[in-house]
1. Report whether or not residue 223 is among the aliphatic types (A, V, I, L, M) and within 18 Å of residue 175 (Cα to Cα).
2. Cβ-Cβ below 8 Å, separation at least six or inter-chain, first residue in the stretch 49-70 and free of Cβ contacts under 8 Å to residues at least 12 places away in the same chain and surrounded by 11 or more Cβ atoms within 10 Å (Cβ to Cβ), second outside any helix (DSSP H, G or I) and among the hydrophobic types (A, V, I, L, M, F, W, C): which pairs?
3. Sort out which residues of the stretch 158-169 are in a loop (DSSP other than H, G, I, E, B) and surrounded by 16 or more Cβ atoms within 10 Å (Cβ to Cβ), and write them in order of number.
4. If the requirement is being without any contact (Cβ under 8 Å) to a residue 12 or more places away in the chain, among the hydrophobic types (A, V, I, L, M, F, W, C) and part of a helix (DSSP H, G or I), which of these qualifies: 246, 267?
5. Of the residues that sit in the stretch 249-264 and are part of a loop (DSSP other than H, G, I, E, B) and in contact with a strand residue (DSSP E or B) (Cβ under 9 Å, 6 or more places away or on another chain), which one is farthest from residue 213 (Cα to Cα)?
6. Can you tell me which of (1) closer than 17 Å to residue 202 by Cβ; (2) touching a residue at least 40 places away in the same chain (Cβ under 8 Å); (3) surrounded by fewer than 16 Cβ atoms within 10 Å (Cβ to Cβ) is the one residue 262 doesn't meet?
7. Spot the failing condition for residue 274; the list is (1) part of a strand (DSSP E or B); (2) within 20 Å of residue 201 (Cα to Cα), and only one is missed.
8. Do you know which of the residues in the stretch 2-20 that are in contact with a strand residue (DSSP E or B) (Cβ under 7 Å, 6 or more places away or on another chain) and within 15 Å of residue 66 (Cα to Cα) is modelled with the lowest pLDDT?
Amino acid sequence: MSAARAPRIPVEERLFSLVLALLATEPGLTKSEILSTVQGYRQKHSPNGDNTALERQFERDKDDIRELGVPLETLDDPAASGNNQMLRYRIPRGAYELPLDISFSSEETALLTLAAMVWREGTLSGESRRALLKLRSLGGHAAVPELDYAPRIRSRDAAFEPLRDALDRAVLVRFPYLKPGESEPRRREVAPFALVQHQGRWMVACIEPDTGRRKTFLLSRIIGPVQVTTVAAERPADATAESALAALDEVWEARTALIRVVPGSDAETRLTKRRSTSVRDDGLLEIHFADLQIVADELVSFGPEVTVLEPESVRQLVVARLRRLVAAHGPTTGQTPVESSGGHHG
């Protein structure tokens, strides 16, 4: 099957298959063996063609799984020292598995279960099982009980996979993007250089090809299909996920809102533990945020437990949301929530 017609394999399944393969083979695998046998690579691998793009994808995947804490080792072949094509990769099971003396309390188990809810229930795909069997024929031995229940991570945003595909190919993308306050989406054509998660939300960091400006888009605001073009997009050396996150952190630290919370309320519990929140001597909270619309939505969700004092931009957005709620559902008393809070509710 040619690379152009290869089925799209979700990035999380590719990474899972890579980890599984490297755990299953004690002596490790060469890059050629990985690209030609592991699920997510072999579909794009060309035995006699150019696999440069696929090799770059593998290099990025290595960095990704290492960032997840997976102890990926690189072993030099004594018979071909210095030959990068003969390097072998493996994950030592002893360094990856939990020690036998580690156990979890019921509370810790509950937290782990909650974390696992971001994974879609299911089992390892048939393709991954076949890939494992093929790897065994290379001399690897696997005893992986997780095969019976291994879950797979899924992104909830439909834009995630095509954007990751564009990153792998280093090409431009086009998509409709709806900014808050606008009635119609705008068509964007950009060069993505990183997919990052900031404060629990997926974003794509991009460069505008015409201006060279860097922008970040929320995946949840991409309201239509992402078109992955064939137009190559150059990326500056400093266009990385780290630089994108650093830019978002700068915005986060620079923007603050002053709020009052009801003592002992859910709002007080949650917002005081929010990243960078400070509690003033008078009991008011100073919270940080990166996006006006997102922080307004968050504060409205606490109802009468939160009162926004400043800035005016956040206060007005919160009041507008409350008024829309009242208009949609009708007040239960003679006063609206905005009136009953003295006009400062948020």
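1. In short, yes.
2. 66/72
3. 159
4. 246
5. 262
6. Exception for residue 262: condition (1).
7. For residue 274, the failing item is (1).
8. 12
The values are calculated or read from the model by the stated rules, or taken from the named source; none is laboratory data. Just so we're clear, the structure is a prediction, and the values are computed from it rather than from any experiment. Quick reminder, even Gly has a Cβ in these numbers, built from the backbone with ideal geometry, and neighbours come from all protein chains shown.
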